[in-house]
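The values are calculated or read from the model by the stated rules, or taken from the named source; none is laboratory data. What you see is a predicted model, and the numbers here were worked out from it, not measured in a lab. When we count neighbours, we look across all protein chains shown, and the Cβ atoms used for this are built from the backbone with ideal geometry, even at glycine. Just the protein is used for accessible areas: all its heavy atoms, side chains included, with ligands, DNA and RNA removed. Shrake-Rupley method; radii C 1.70, N 1.55, O 1.52, S 1.80 Å.
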Amino acid sequence: MTELIESQPGKMFSVRFSNAVASIFSDAKEQKWETVQVNQESELSNPVKYRVLFMDSAQHKYTEIPVSILDLEDLEELHLEKNHIEVIPKEICRFHNIRVLYLNNNKISHICEELGGLKNLQSLDLSSNPLNYDSLDVISKVHQLQELRLYNINLEKLPVQLCKHLHHLQLLGLSNNKLKSLPPEVTNLIHLKEIYLQNNAFKSFPIQICALRSLEVVDLEKNNLTSVPAEIGSLSNLVKLFINFNKLSNIPKTLCECKKLAVFDLSRNRLHKLPRGIGELKELNELGLSNNALTKLPSRICHLHSLGVLYLKNTGLSTLPMAFAKLESLKILDLSQNCFTDLPPQICGLAQLEVLAMDDNLISTVTPEVRSLKKLSYLGITGNRFTVFPEEVLQLESLEKLYVGQDHGVKLSRLPDKIFLLKNLKELYIENNNLEFLPSTLNLLHNLEVLDCHNNNLKKLPDTIGQLHGLQKLLLQNNQLTSLPDNLDMLHKLEILLLDGNPMVDPPVEVCGLGKSAVWEYLKEKRQKHALATKIQALWRGIMVRKGLGPFAYLIQVGKTGKKSKKDKKGKGKSKKGVKGKKK
């Protein structure tokens, strides 16, 4: 579940209601100074060479706005969030051109009158400040304001003056407050497109919202709503509706008149059925129904041909409609924590499917038809009833992430040698099983970045594991390992190595406890000592050979065994000659 309240500039959160899979795409905005250099001819008449239009001074531990910033009268965008600023100075009025002002996450309690004189201000964020309620009326004087964010300011009611005078407002952020209702005057905000009321104290859906026909985004997540008014059908421009984490037992059929609805989150409510017209929402792309008691999915949901994301986690499902494969646009499907005893064959007809979560069901086999999922890159089958690794999965050549850990139920005792067939695999999670060994063919998974084997019975790692040159995380805690492969430190990209809970001897437990760097140093020294010993041994053998003593002569010197030396032979010869002479 993404914690962000809204889509911020430069970021798009396409899935914000998933507990299992989050499809989050983000492009961080470049933080730069925009300058306009005056050409040489105008320099003579204008001493200013540069105009600073953008300033990012977030997280600088300022206790006040520096004079050097207040002197930048040409500023159009100023970020001062996450500092320790206590006062907005009167000199703020110098910012005649300011359009964007972020002062959130500071210690501001009072809003000075001069802020109301910022005639060009369009976006203001005062969230997470101990603001005095009486000073909020100053904001109503900023008539050109289009975006106002007042998250987490302990607000119990919305000032009426803001509703009466901010006629250009398009975004109103009031999440994480103590609001129980909205004033009737909120209907004056006729240009409002986005309203965020997440995590407040609403017991009933504020019906005033239904009069704001320009609304595109309504967020009432984490309130105490028990019903949605029929008037919601008048929001003909509604694109995103978040009413998850409430107490809703039904949804009015009029909601299906919101023909532009594309993102609809109903997760964590008390629904037993969906409105009959759900199939008429032809633009619906993302639908969250997790943690409701649906038990059966209506066939009309199969008419949602634009649906790309569907969350049905913990809904009591054991079957899918026969026409489920008609959801031809579906890319992400979460069916975890349900009652499926096998992989529904309808899923195999979803040609565009990229993410499939079937964790914590009752599945013991996988149908061979799973090979038709040519685009599947994520598969979660943890917590099921496989007695052996389902080798049908090895046909999914596009797979990048595979989860087969067993938090409960039957444990796997081995991985197949053919695991290398998953040539695009980047992350493999096989924790909480009874594995004693890993296949030596793991080294053929050239793209592997994460290998999670914690809580198994591993006694030894294959030497080939040192050839996984792209590996970044290796989790081995709580196994039966006593040693590591000598070449493990060849994993140059490895960032995380966890060995806790193993009876390690080589390296010793105390070395392993110091982290990856200490383990690497130990393996390096061990290899150097071995190389030195080998070199000395080879050198000694070479000396013996040069002296004509043979390659094993050093054994003679120590144990007086082996071939006799020339000296011994010569001495024995003299002895024999002497005996013969005596006889003569």
*asked:* If I ask for residues that are over 35 Å from the mean Cα position of the chain (by Cα), part of a loop (DSSP other than H, G, I, E, B) and crowded, with 16+ Cβ neighbours inside 10 Å, which ones from the stretch 183-192 would you list?
replied: PRO183, LEU189
*Residues being more than 21 Å from ASN443 (Cβ to Cβ) and open to solvent by less than 10 Å² (accessible area, probe 1.4 Å) - total across the stretch 391-415*: 2
*State which residue pairs qualify: first residue without any contact (Cβ under 8 Å) to a residue 60 or more places away in the chain and inside the stretch 425-443, second residue aromatic (Phe, Trp, Tyr) and surrounded by fewer than 19 Cβ atoms within 10 Å (Cβ to Cβ) in any location, beta carbons under 7 Å apart, and separation of 6 or more residues or different chains.*
THR441/PHE420
*Please go through the stretch 416-430 and pick out each residue that is part of a loop (DSSP other than H, G, I, E, B) and surrounded by fewer than 20 Cβ atoms within 10 Å (Cβ to Cβ).*
PRO416, LYS423, ASN424, LYS426
*So which of TYR133, TYR196 is modelled with pLDDT of 95 or more and under 26 Å from GLU64 (Cα atoms)?*
TYR133
_Which count do you get for residues in the stretch 319-364 that are more than 26 Å from GLY405 (Cβ to Cβ) and touching an Asp or Glu at 6+ places or on another chain (Cβ under 8 Å)?_
2
*When both residues are 6+ apart or on different chains and their Cβ atoms are under 7 Å apart, which pairs have a first residue that lies in the stretch 156-171 and is of a type in the set (Val, Ile, Thr), and a second that is open to solvent by 50 Å² or more (accessible area, probe 1.4 Å) and outside any loop (DSSP other than H, G, I, E, B)?*
VAL160/GLU185
*Residues satisfying the stated conditions in the stretch 65-90, i.e. open to solvent by 20 Å² or more (accessible area, probe 1.4 Å) and over 35 Å from the mean Cα position of the chain (by Cα)*: PRO66, VAL67, SER68, ASP71, LEU72, GLU73, ASP74, VAL87, PRO89, LYS90
*Look at the stretch 91-130 and say how many of its residues are open to solvent by less than 10 Å² (accessible area, probe 1.4 Å), touching a Phe, Trp or Tyr at 6+ places or on another chain (Cβ under 7 Å) and free of Cβ contacts under 8 Å to residues at least 40 places away in the same chain.*
1
_Checking VAL388 against (1) open to solvent by 60 Å² or more (accessible area, probe 1.4 Å); (2) of a type in the set (A, V, I, L, M); (3) closer than 29 Å to HIS305 by Cβ, only one condition comes out false. Which one?_
(3)
*asked:* Of everything in the stretch 292-312, what is in a loop (DSSP other than H, G, I, E, B) and open to solvent by 30 Å² or more (accessible area, probe 1.4 Å)? Give them in sequence order.
replied: ALA293, THR295, LYS296, HIS305, SER306
*Determine whether PHE386 is modelled with pLDDT of 95 or more and of a type in the set (Phe, Trp, Tyr).*
no
*asked:* Pairs needed: first member in the stretch 189-215, at positive phi; second member anywhere, surrounded by fewer than 22 Cβ atoms within 10 Å (Cβ to Cβ) and assigned to a loop (DSSP other than H, G, I, E, B); C-beta distance under 6 Å; at least 6 residues apart or different chains.
replied: ASN199/ASN176; ASN199/LYS222
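Take SER7 and tell me if it is at pLDDT 50 or above, in a loop (DSSP other than H, G, I, E, B) and either within 30 Å of LYS222 (Cα to Cα) or in contact with a helix residue (DSSP H, G or I) (Cβ under 9 Å, 6 or more places away or on another chain) (or both).
In short, no.
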*Considering each residue of the stretch 195-230, count those that are within 19 Å of CYS163 (Cβ to Cβ) and not in a loop (DSSP other than H, G, I, E, B), and give that number.*
10
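So that you can scan it fast, the table gives a plain yes or no per residue for (1) of a type in the set (Val, Ile, Thr); (2) open to solvent by 40 Å² or more (accessible area, probe 1.4 Å):
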position	(1), (2)
LEU174	no, no
GLU194	no, yes
VAL218	yes, no
GLY233	no, no
ASN244	no, no
ASN250	no, yes
PHE264	no, no
PRO275	no, no
